[in-house]
Amino acid sequence: MNDALKERLNKILDRITSPEFLTNAGLGNEIGFYIFDYPAEYELEVRQHVDFVVDKASKRKPELKIAHINLFKVVVDYLQERGYLDRAVALQRDKGDEALFKALKGLLHEEKIAKVFAELAQPENHDFVFMTGIGNAYPLIRSHTLLNNLHPLMGGTPLVVFYPGAYDGQGLSLFGKMKDNNYYRAFRLVV
């Protein structure tokens with residue numbers, strides 16, 4: 001892992017435990033959505049660090065209520081609960097990715113998944129929510145559309161998205177290669 005990423009990872013704990021972050025101070029009436037972007041090849045290291053940060057934040061401020069939701073697990077559990085997971089795996093194996101995407105498009109619409117995510121995250125009961133697993137959920141879930149659907153559901157609870165790609169302050173580029181060409185309102189968690 002490069003030094004710049006290590007330095008940014010090491011800033012997360014102080015940032016998420018700061019009063020400014022926890023109260024959405026200084027956002028100019030914008031919603032408290034934050035992106036922590038990173039090169040996708042460091043996915044495993046970032047995952048480990050997220051777990052470390054959740055543990056340390058709970059020790060530093062025991063009163064903090066933190067939700068950590070893995071988007072890919074949300075999708076898998078959602079398919080499983082509705083009896084579609086085994087059929088989806090068989091469809092992908094037998095007919096390929098395109099047939100799978102077509103079959104699941106309505107079921108995994110980002111508006112539906114946003115509601116499921118919010119039910120699991122319970123933003124009204126947490127000080128902030130971490131979202132991981134975006135890279136794993138692609139291409140079944142489009143992060144840009146999902147995040148837009150989460151805006152009205154998160155209330156004033158900050159959402160931190162760990163994003164395997166690049167965020168330039170306006171647009172997301174999954175894996176640093178797939179530019180979505182959509183303006184997205186979020187703040188970089190740390191620089």
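Table for the structure above
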quantity: Chain lengthening between Ser18 and Arg93 when straightened (0.36 nm per residue, less Cα-Cα); calculated: 22.3 nm
quantity: Placed amide H near Tyr163: partners under 5 Å, 5+ positions off or other chain; calculated: Phe36, Asp37, Tyr38
quantity: Chain lengthening between Leu107 and Phe72 when straightened (0.36 nm per residue, less Cα-Cα); calculated: 11.1 nm
quantity: Coil-residue trypsin sites (Lys or Arg not before Pro) of the stretch 19-104, DSSP, other Cβ within 10 Å capped at 11; calculated: Arg82
quantity: Extension reserve of the Gln170-Lys59 stretch, reckoned as 0.36 nm per residue once the Cα distance is removed; calculated: 36.6 nm
quantity: Three principal axis lengths of the stretch 1-113 [C-alpha, angstrom, descending]; calculated: 50, 34, 27
quantity: Distance violations [Cα-Cα > 20 Å] among Lys73/Lys115; Lys73/Lys112; Lys56/Lys115; Lys11/Lys59; Lys11/Lys56; calculated: Lys56/Lys115
quantity: Simple spin-label estimate for Glu124 and Val191 in nanometres, 7 Å along Cα-Cβ; calculated: 3.7
quantity: The chain: translational diffusion in µm²/s, Stokes-Einstein, Kirkwood Rh over Cα pairs, 20 °C, 1.002 mPa s; calculated: 124
quantity: For Ile66, distant residues with modelled amide H under 5 Å away; calculated: Asp127
quantity: Cut-off under 5 Å, modelled amide H: who pairs with Phe187 long-range; calculated: Phe33, Tyr34, Ile35
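No value in this document is a laboratory result; all are computed from the given coordinates. Source: prediction; values computed, not measured. Using ideal geometry, Cβ is built from the backbone for each residue, glycine included, and neighbour counts are taken over all protein chains shown.
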